[in-house]
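Visitor: Have a look at the structure that comes next, please.
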Amino acid sequence: MINLMKKYLQILLLLVFVLASCHSTDTAKQKKMAIIVSTLNNPWFVFLAQTAAAQAKSLGYESKIFDSQNNTALETDHFENAIASGYSAILFNPTDANGSVVNVVKAKKAGVPVFCMDREVNSPEATSQILSDSYSGCVSLAKYFVQTMHKKGNYVELLGIVSDNNTWARSKGFHSLVDYYPGLKMVAQQSADFDRNKGLEVMESILQAHPDIDAVFAGNDAMAMGAFQALVAAGKANHVKVFGFDGAEDAIQAIKDKKISATAMQFPKVMAQTAAIYADAYFKGKRDFPKKIPVAVELVTYDNINDYIAYGKK
Amino acid sequence: MDTILSKYRSHLVKFQPLIALVLLCIGISLMSDKFMTVDNGWNVMRQISVNICISVGMTLVVLTSGIDLSVGSVLALCGAITAGLLKFGIEVPSNNLFVGFTLLGAILAGLIAGSLLGLFNGWTVTKFKVPPFVATLAMLTIARGLTMLYTKGFPISNLGDSFAYIGTGWFLGIPVPVWVSAVVIVIAVIITQKTALGRYIYAIGGNESASKLSGINISKIKMIVYSIAGVLSAVGGIMVTSRLDSAQPNAGMSYELDAIAAVVIGGTSLSGGRGTIMGTVLGAIIIGVLNNGLVLLNVSPFWQQVVKGGVILLAVIIDRANAKND
């Protein structure tokens, strides 16, 4: 019994010690920003979150990054925790346009402004939304696709995670234009989960069934790079055109090397910085923010590649 | 008559995964003429080589009536360590010290990291009696977090042609990853069938207290088994990294499920003591063929998940029914 109590006491002491060492200096008066992002399992979102944190820091605010792990329920927990522990603004990258509405409403009720980055929330309660327009980005990518394919050929589409709304925004944007050209035939549409290895493996299998394809449209750059590797291994990289989405470092380099044809550049840096700057302005009394600011997604090809770097413009 | 029938039945049970595989292959080839080609055969073999490494390790762990959920995260961490050391080495700015790594050195470091992570799993399981499910679940999160810390959340790419050979090269007309998985299988079969370690592994899974009474050092055996699982995850991690020419921080997500599925389809009992390496290999091939076939047939991604789950369930139901008849 005494032994047991001793053990509990030890654990308790340890906990107190750990908590004490975690607790930072007095910040009661200082305003802090919570950065809640849908996932950190994808470099794009890591970049978004870190840029927001860096901007907050340069404006003189403390911030903390919360990872929702693509789980709206976990996101709800993060909102509750952030509100309870006194964060004064939330820089928010939602997991789901509809599912995240309750969280935004909750924050609004608690008097905490929410600034959405990249992805939209279907709610007027968000203070301001700085959004990447995946749909029209894919329309301009599709325009280039139709043009380089001379309106005919067989192509493969690699979808992202099928339960992710970005997957479908991109796919629908692409098809909204490409489907008007009967000469362009989609011979396979498969998911590769936004993952490079899956992109490679799925493409290997598709190439067995359809050795005569002319192009691949991938819902993100990681899958595009995986598909490109499968094409290289099959000796088809020279005559199959690959199109990606995101503007990741590997893809920018690959376009420069004429390995893949094009990608659609999003601007996570612009969105994250704007969100943090808006939060700062909110603290200083500004209230009239534009409800929605679309940040254009730009087409990147070999012709304009020198204007771009990973995740942004030079 | 009865004995002949039961003998016949026991043979049937033994070859059950093989029969399932043959039926599956016949079915897919009837629906697609692209399936039964040499090229596609190599594709499938190359694609499953990673899962084979992981699920062979998983089989050893499951035979001791344990489980290892951390394989996917360990794979990612070891792949990242190998890639990072190869590309950047170790820099100690305060001492102006830089340690570069050769290809072999970086791979060795990745394998050692895998064995240490596995050893840690074995240590928590044996020393603190943490249930394997919980201990390795914790490691799943820890190793993923360490991967994020080490890579800072970004992929480590462009690792050089000699490293790419491991995942994409050919040797004597056979892809290198297939060689690697073949070597892993041979070693594992020898361990389980011909060595004292193998006999102890089955004994522990069959009846732990009896094995303890008969003088087997259970902690030691378990630590060895979890370490082997860690090393094999590292082997898988190095192969994936080499194949992609890039260590992805989210590599190996949910690979533990594919590995457990291979083990279970292969007829290994999750309560330990019963099962074979070759069964698991067949299980891994079945999953690989299924993945490949569903894409060849252009089955909708939604349905693919349903079909895969259904196959796993069916395999276990048949296995259970047979176990009851034994």
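No value in this document is a laboratory result; all are computed from the given coordinates. For clarity, every value in this text was computed on a predicted model and none was experimentally measured. Here the Cβ is made from the backbone with ideal geometry for all residues, glycine too, and neighbour counts use every protein chain on show.
Visitor: Which is farthest toward the positive dipole end of the stretch B:208-277 among B:I277, B:A210, B:I221, measuring Cα position about the Cα centre, with Cβ charges +1 (Lys, Arg) and -1 (Asp, Glu)?
Guide: It is B:A210, whose Cα lies furthest towards the positive end.
Visitor: Something else: Name the most mobile residue of B:S300, B:S254, B:S29, meaning the one with the largest mean-square fluctuation, in a Gaussian network model of chain B with Cα contacts below 10 Å.
Guide: B:S300
Visitor: Pop out the ³J(HN,Hα) list for the stretch B:80-88 in order, Karplus 6.51 cos²θ - 1.76 cosθ + 1.60 with θ = phi - 60°, rounded to Hz; leave Gly and Pro as x.
Guide: Once θ is set to phi - 60°, the couplings for the stretch B:80-88 become 5, 4, 4, 5, x, 5, 5, 7, 10 Hz.
Visitor: While we're on this one: Give me the inter-chain shielding for A:208-214: mean count of other chain Cβ atoms within 10 Å, whole number please.
Guide: Counting other chains' Cβ atoms within 10 Å and averaging over A:208-214 gives 4.
Visitor: Cα extents of the stretch A:241-314 along the three principal axes, largest first, in whole Å?
Guide: 50, 18, 16
Visitor: Over chain A, what lengths in whole Å, largest first, do the semi-axes of the equivalent ellipsoid take, defined as the square roots of 5 times the eigenvalues of the alpha-carbon gyration tensor?
Guide: Working: eigenvalues 344, 113, 58 Å².
Values for chain A, descending: 41, 24, 17 Å.
Visitor: For the stretch A:250-314, what is the charge dipole size about the Cα centre, in debye to the nearest 20, if Lys and Arg each add +1 at the Cβ and Asp and Glu each add -1 at the Cβ?
Guide: 260
Visitor: Something else: Where the convex hull is taken over the Cα atoms of chain B, what is its projected area averaged over directions, in nm²?
Guide: 19.7
Visitor: Let me ask something else about it. How high is the relative contact order of chain A, in percent, counting Cα pairs under 8 Å that sit 6 or more residues apart?
Guide: Computed value for chain A: 17 percent relative contact order.
Visitor: With both bridge residues required to lie in chain A, what share of the DSSP beta bridges run antiparallel, to the nearest 5%?
Guide: Antiparallel bridges make up about 15 percent of those DSSP assigns within chain A.
Visitor: Moving on. With the cut-off at 1.5 for a/c, could you classify the stretch B:256-316 from its C-alpha gyration tensor as rounded, prolate or oblate?
Guide: Prolate, because a/c is 1.5 or more and a/b exceeds b/c.
Visitor: Answer with one residue from B:G27, B:A315, B:N158: the one whose Cα lies farthest towards the positive end of the charge dipole of chain B, charges on Cβ with Lys, Arg +1 and Asp, Glu -1.
Guide: B:A315
Visitor: Separate question: Over all directions, the average projected area of the alpha-carbon convex hull for the stretch A:165-237 comes to how many nm²?
Guide: 4.7
Visitor: If you don't mind, another one. Once each part is reduced to its C-alpha centroid, what is the distance from the stretch A:67-106 to the stretch B:269-288 in angstrom?
Guide: When both Cα centres are located, 42 Å separates them.
Visitor: Apply the Debye scattering formula to the stretch B:54-183, with a single equal point scatterer on each alpha-carbon and no solvent, then give log10 I(q)/I(0) at q = 0.11 Å⁻¹.
Guide: After summing over all Cα pairs, the log10 values are -0.48.
Visitor: Let me ask another. Hey, what's the per residue convex hull volume over the C-alpha atoms of the protein assembly as shown, in cubic angstrom?
Guide: 201
Visitor: How much net charge surrounds A:N93 when only other residues with a Cβ under 12 Å from its Cβ are counted (Lys, Arg +1; Asp, Glu -1)? Let's see the in-between values first.
Guide: On the way: positive: A:R119; negative: A:D67, A:E75, A:D96, A:D118, A:E120.
Net charge in that neighbourhood comes out at -4.
Visitor: Now for a different question. Rounded to the nearest 5, what % of DSSP beta bridges with both residues in the protein assembly as shown are antiparallel?
Guide: Just about 25 percent of them are antiparallel.
Visitor: Roughly how many Å is it from the Cα centre of the stretch B:64-121 to that of the stretch A:248-280, as a whole number?
Guide: For the stretch B:64-121 versus the stretch A:248-280, the Cα centre distance is 30 Å.
Visitor: Comparing B:R199, B:R46, B:R243, which has the greatest mean-square fluctuation in the GNM of chain B with Cα pairs linked when under 10 Å apart?
Guide: Of B:R199, B:R46, B:R243, the Gaussian network model singles out B:R199 as fluctuating most.
Visitor: Can you run the Rg to Rh ratio on the stretch B:177-310? Use alpha carbon positions and the Kirkwood inverse-distance Rh. Let's see the in-between values first.
Guide: Numbers: Rg = 17.3 Å, Rh = 16.8 Å.
We get a ratio of 1.03 for the stretch B:177-310.
Visitor: Mind computing the radius of gyration and Dmax over the alpha-carbon atoms of the stretch A:46-183? Å is fine for both.
Guide: Cα-based Rg and Dmax for the stretch A:46-183 come out at 18.4, 58 Å.
Visitor: List the relative contact order of the stretch B:178-326 as a percent without decimals, with contacts defined as Cα pairs under 8 Å and 6+ residues apart.
Guide: 21
Visitor: Evaluate the charge dipole of the protein assembly as shown about its Cα centre and quote only its size in Debye, nearest 20, assuming +1 on the Cβ of each Lys and Arg and -1 on the Cβ of each Asp and Glu.
Guide: 1100
Visitor: Still on this model: Which value, in debye to the nearest 20, gives the size of the charge dipole of the stretch A:32-166 about its Cα centre, when Lys and Arg are +1 and Asp and Glu are -1 at the Cβ?
Guide: Taking the Cα centre of the stretch A:32-166 as origin, the dipole is about 320 debye.
Visitor: Moving on. At 0.36 nm per residue, and after removing the present C-alpha to C-alpha distance, how many nm does the segment from A:K172 to A:K143 gain when stretched out fully?
Guide: 9.1 nm
Visitor: How would the stretch B:127-232 be classified by its alpha-carbon gyration tensor: rounded, prolate or oblate, with rounded meaning a/c under 1.5 and the a/b versus b/c comparison settling the rest?
Guide: Note, shape of the stretch B:127-232 comes out oblate.
Visitor: Over chain B, calculate the relative contact order: mean separation of alpha carbon pairs under 8 Å at least 6 apart, over the residue count, as a percent. If you can, show how the numbers build up before the last one.
Guide: Values: 523 pairs, mean separation 108.3, N = 326.
Relative CO of chain B lands at 33 percent.
Visitor: Moving to a separate point now. Which residue, A:M117, A:I255, A:A218, has the largest displacement toward the positive end of the dipole of the protein assembly as shown when charges sit on each Cβ (Lys, Arg +1; Asp, Glu -1)?
Guide: Comparing the listed Cα positions along the dipole, A:M117 ranks first.
Visitor: When Cβ neighbours within 10 Å are restricted to other protein chains, what is their mean count per residue of peptide A:196-203?
Guide: 6
Visitor: Within chain A, which complete DSSP H helices have Cα atoms spanning at least 27 Å along the helix axis and a mean Kyte-Doolittle hydropathy of 1.0 or higher?
Guide: Membrane-span-like by this criterion, though nothing is claimed about a membrane: A:2-22.
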